[in-house]
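Report on the structure given below.
Each reported figure results from applying straightforward, stated rules to the coordinates on display, with no laboratory input. All values reported here derive from a predicted model rather than from experimental measurement.
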């Protein structure tokens, strides 16, 4: 059982590192944004410990993701960009969402 936990922690740590790198954040920047210590970020990424729900909530906030998206993407080989876009849009005002919709629609509208 301990071996399974170590494997799962390592996979989750790799997932967090991929998310951090995709946002071009250093461990220090993610720690600051998450209100966690740099050591905590390092240990999570190495699979050195299983974070609490509170730590996961802070981590997802630092990555600009919902907890749902953080875990939804964990089991996938490729990131779930649609969920990440939805998380991003959820933080915007109604007016900003409308603007984003117009831009996206204009980009892919058939001419």
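Rounded to the nearest 10 degrees, the angle from helix 53-62 to the longest Cα principal axis of the chain is 40 degrees.
Between 0 and 90 degrees, the angle of helix 81-90 with respect to the longest Cα principal axis of the chain falls at about 70 degrees. Averaging Cα coordinates gives a centre for the stretch 40-111 and one for the stretch 2-35; these two points are 14 Å apart. Here the Kirkwood formula puts the hydrodynamic radius of the chain at 15.2 Å, using every distinct Cα pair.
Got the relative contact order for the stretch 1-68 handy, in percent, Cα pairs under 8 Å and 6 or more residues apart?
Working: 69 pairs, mean separation 25.4, N = 68.
About 37 percent, as a whole number.
Rounded to the nearest 500, the 222 nm mean residue ellipticity of the chain from helices alone is -21500 deg cm²/dmol, with -39,500 (n - 2.57) taken per DSSP H run of at least 4 residues.
In the stretch 5-51, the inverse of the mean reciprocal separation of distinct Cα atoms equals 10.4 Å; this is its Kirkwood hydrodynamic radius. Between the Cα long axis of helix 2-22 and the first principal axis of the chain there is an angle of about 40°, rounded to the nearest 10.
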